[in-house]
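Structure record follows, encoded as structure tokens.
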Amino acid sequence: MTLSIATGLTDAEVAARVAEGKTNDVPGRASRSVGDIVRANVFTRINAILGVLFVIVLATGSLINGLFGLLIIANSAIGIIQELRAKQTLDSLAIVGQAKPTVRRQSGTAELAPNQVVLDDVIELGPGDQIVVDGELLEASACEVDESLLTGEADPIAKAVGDPVMSGSFVVAGTGAYRATKVGREAYAARLAEEASKFTLVKSELRSGIDKILQFITYLLWPAGLLTIYTQLFLTHVGWREAVLRMVGALVPMVPEGLVLMTSIAFAVGVVRLGRRQCLVQELPAIEGLARVDVVCADKTGTLTENGMRLSEATSLAEVSDAQIGAVLAALAADDSRPNASMAAIGEAYPQAPGWTTTAVAPFKSATKWSGASFGEHGNWVIGAPDVLLQPDSPTAERAEQIGAKGLRVLLLGSSDAPVDAADAPGRVTPVALVVLEQRVRPDARDTLDYFASQHVTVKVISGDNAVSVGAVAGSLGLHGETMDARELPGDPTALADTMAEYTTFGRVRPDQKRAMVHALQAREHTVAMTGDGVNDVLALKDADIGVAMGSGSPASRAVAQIVLLDNKFATLPYVV
């Protein structure tokens, strides 16, 4: 539990640190500098070839025959102009899509841009928040941090007051606050942002293919030029100026300047057009890469279904009145300072909290699939997946699975014989009620999946929800195939790859399993795109060939994705293709 409330800096202290340069001023995250863009478009292989030929023509004094040199200006200018327009769009979209930490100061608590954070600022944390600067925890309430982007270790690490936190990691459970101890270029976040979010020209088959063509042509130009000169001088006996001009006239058509020009324009125009559709492309070749994708791994919640949920019913399983069930649910919802979609729906249905004193808290985690709280004399209460809290073959779990088969989300409310923060939690759980929540399928999801089917792209639905419920949603969207509970997935990579080929939908998938499933598909020579919005999707988004994050998703998921759908519309993906 939180032991103290840390106060933030005063306005005078903030101003003093800004004056001393102790700010989180890091390089722009979305694009290259203007100088980099100019150099990249001027100093190219094709400009070097045309430039040498242009200088040779100028040596003859025939300026009119050197007009092809204008292609150098055109090729560079169009590329520069288009990329500067793309940079402008990317910069404006990046401001919208960047992670904004909640900073506590004596003048008030507010979300600020990362570059407004100063040394010694107190920053609040909740599930899904990315840690933007290095710091030390001042408050912690069941706080767990995933440092996989730093260490590669997928298991969350419990953090207590006084523990250090590293920028580039993110919170998966609990709440807290930390004081910034390293900002700007000293913090790991500066390097992470440059590596994960900057405007980069990563490996592109189109660009590398054209470069190989130009390299091959460069080798051909030398013997072709020498043979032409020899023919003109010794067989046709023309003057050296005429021989040089004829040689250049023979060589210029061998250079595919139009192909290079159109490729550059296609990339740049694609980024600008997608920007108008509120799609942030963090790496240009992602446009080409998604066109090569043959498997799309889609998360269910937030991608195929809308984030918002509604409580349908709470069915009693024991001799407990509806009023008692309502009081427990209201207490659990009120005690959760950063509720997920399910708990927010419960809080809307039961807004009147009973005012019980909380003695222990267990926040929801993707790995455990349950959360809970202990209320002293009012008992220990847990809420989560029925097939996790109970034996999967128990009557209650089977009843929940039947309800989930209709596409509904079902949670079990149960009482525990142990405090929720005990080492063996949740202990022995006694079922009290089934809480049924309705999810709304995105209206454009089916059209998007139909488009991918027409393009011979296989869609795999990977979710942390109940497998039967996931299968029902997938079936309602026209996806056909077998459904599997991820707890039955084989650990062997080869066997996992075989399973991925056989099944279409997967439920109860852990974050580390999502990454392993992406690796298994890539091992079979598939080009994999992963879509998601939660902290449990970050590992898979990072390792997929193309990572697509939702704009409303966690800052951590947006930071590692190549494409961010700022309008949260899954239907934008066909436009990327």
Inside the stretch 241-256, can you point out the residues that are free of Cβ contacts under 8 Å to residues at least 12 places away in the same chain and surrounded by 12 or more Cβ atoms within 10 Å (Cβ to Cβ)?
242
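Quick check on residue 281: is it open to solvent by less than 10 Å² (accessible area, probe 1.4 Å) and within 30 Å of residue 37 (Cα to Cα)?
Numbers: open to solvent by less than 10 Å² (accessible area, probe 1.4 Å): yes; within 30 Å of residue 37 (Cα to Cα): yes.
So residue 281 passes the test.
Are any residues in the stretch 391-420 open to solvent by 20 Å² or more (accessible area, probe 1.4 Å) and under 24 Å from residue 323 (Cα atoms), and if so, which ones?
Result: 396, 399, 403, 408, 409, 411, 415, 417, 419.
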Considering each residue of the stretch 506-525, count those that are buried (at least 18 other Cβ atoms within 10 Å of the Cβ) and either among the hydrophobic types (A, V, I, L, M, F, W, C) or within 12 Å of residue 296 (Cα to Cα) (or both), and give that number.
7
Residue tally, condition modelled with pLDDT of 90 or more and within 35 Å of the chain's Cα centre (by Cα), over the stretch 423-436
3
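Please verify whether residue 337 is modelled with pLDDT under 90 and either within 30 Å of residue 460 (Cα to Cα) or not in a loop (DSSP other than H, G, I, E, B) (or both), treating the condition exactly as stated. Spell out the reasoning first.
Details: modelled with pLDDT under 90: yes; either within 30 Å of residue 460 (Cα to Cα) or not in a loop (DSSP other than H, G, I, E, B) (or both): no.
No: the conditions fail for residue 337.
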Against the condition touching a residue at least 60 places away in the same chain (Cβ under 8 Å), farther than 30 Å from residue 525 by Cα and out of contact with any helix residue (DSSP H, G or I) (no Cβ under 9 Å at 6 or more places or on another chain), how does residue 380 come out, does it pass?
no
For residues in the stretch 66-108 being surrounded by 15 or more Cβ atoms within 10 Å (Cβ to Cβ) and of a type in the set (Ser, Thr, Tyr), which is modelled with the highest pLDDT?
102
Can you find, within the stretch 117-132, the residue that is nearest to the chain's Cα centre (by Cα) among those that are closer than 16 Å to residue 159 by Cα and of a type in the set (A, V, I, L, M, F, W, C)?
131
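Residue under question is residue 319, and the condition is that it be among the acidic types (Asp, Glu), over 30 Å from residue 449 (Cα atoms) and in a helix (DSSP H, G or I); does it hold?
no
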Residues in the stretch 480-499: is at least one touching a residue at least 24 places away in the same chain (Cβ under 8 Å), within 29 Å of residue 398 (Cβ to Cβ) and assigned to a helix (DSSP H, G or I)?
yes
In the stretch 304-333, residue most open to solvent (accessible area, probe 1.4 Å) [restricted to those that are in contact (Cβ under 8 Å) with a residue 24 or more places away in the chain and acidic (Asp, Glu)]:
313
Reported set for the stretch 385-401 where residues are assigned to a helix (DSSP H, G or I), farther than 19 Å from residue 343 by Cα and in contact (Cβ under 8 Å) with a residue 24 or more places away in the chain is 396, 399, 401
List every residue pair whose Cβ atoms sit under 8 Å apart, with the two residues 6 or more apart in sequence or on different chains, where the first one lies in the stretch 158-178 and is closer than 13 Å to residue 126 by Cβ and the second, anywhere, is among the acidic types (Asp, Glu) and in a loop (DSSP other than H, G, I, E, B).
170/129; 171/129
Out of 523, 516, 556, which single residue is small (Gly, Ala, Ser) and at pLDDT below 90?
556
Restricting attention to the stretch 334-343, which residues are over 23 Å from the mean Cα position of the chain (by Cα) and open to solvent by 40 Å² or more (accessible area, probe 1.4 Å)?
334, 335, 336, 337
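The rows are residues; the columns are (1) in contact (Cβ under 8 Å) with a residue 40 or more places away in the chain; (2) outside any loop (DSSP other than H, G, I, E, B); (3) out of contact with any Lys or Arg (no Cβ under 8 Å at 6 or more places or on another chain); (4) buried (at least 22 other Cβ atoms within 10 Å of the Cβ).
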| position | (1), (2), (3), (4) |
| --- | --- |
| 436 | yes, yes, no, no |
| 439 | yes, yes, no, yes |
| 443 | no, no, yes, no |
| 447 | yes, yes, yes, no |
| 456 | yes, no, yes, no |
| 461 | yes, yes, no, yes |
| 464 | yes, no, no, yes |
| 469 | yes, yes, no, yes |
| 473 | yes, yes, no, yes |
Could you grab me the full set of residues in the stretch 363-384 that are of a type in the set (A, V, I, L, M) and at pLDDT 90 or above?
373, 382, 383
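The values are calculated or read from the model by the stated rules, or taken from the named source; none is laboratory data. Remember, predicted model here, so these are calculated numbers, not experimental data. Positions of Cβ are generated from backbone atoms using ideal geometry, with glycine treated the same way; all protein chains shown enter the neighbour counts. These area figures cover heavy atoms from the full protein model, side chains too; ligands, DNA and RNA do not enter into them. Shrake-Rupley method; radii C 1.70, N 1.55, O 1.52, S 1.80 Å.
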